[in-house]
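**Student:** Just dropping this structure here.
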């Protein structure tokens, strides 16, 4: 992502703002890419969304009034990502070769171990996708992205207790679905 170019362009075109866009971009760019990637599962799209967040924030102005910049920007990234996901023609987008290479394990692992790990990831992703949207959103932010319930609450616009409740319900649903799947398998 062209953090430096974006920050310099924004900073030079609005010298009067009290918010330093250079600092804003450097402080929050990686976080916004991670939030967008949690929804889109595509690094290029996630970077595009992060840039779009900064452009929207720049256009909005009045940033000195924002109490929690990270949560505010994260919420914008989350909504833009969901909108982009809805606009895609096919939700099950294929993984690019570049993304696949990034997930390859170290050379010490055998092919069987790699296959098992990949199958677990695919199963987890299917279980996650089978959840209702509200439960999936909380699960992705807390479990996949490792956010705190407070941070996820800020992005989703709900209370911390609601985030924790959604995570609990999501885990129970996934556990129940996994139990049903395991009953149907021919393994002991």
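The values are calculated or read from the model by the stated rules, or taken from the named source; none is laboratory data. Please read all numbers here as calculations on a predicted model, not as lab measurements. Methodologically, a virtual Cβ is constructed for each residue, glycine included, from the backbone with ideal geometry; neighbour enumeration extends over all protein chains shown.
**Student:** Quick check on this structure: which one of 138, 153, 170 is over 22 Å from residue 31 (Cβ atoms) and buried (at least 18 other Cβ atoms within 10 Å of the Cβ)?
**Tutor:** 170
**Student:** Which one of 25, 33, 49 is surrounded by 20 or more Cβ atoms within 10 Å (Cβ to Cβ), more than 20 Å from residue 149 (Cα to Cα) and within 17 Å of the chain's Cα centre (by Cα)?
**Tutor:** 49
**Student:** Only helices (runs of 4 or more DSSP H) wholly contained in segment 35-124 count here; list those with 3 or more residues that are in the same structural domain as residue 139 (by TED's automatic domain parsing) and modelled with pLDDT of 85 or more.
**Tutor:** Answer list for segment 35-124: none.
**Student:** Still on this structure, please answer the following. So for segment 157-177 (the condition being under 16 Å from residue 36 (Cα atoms) and in a helix (DSSP H, G or I)), does at least one residue qualify?
**Tutor:** no
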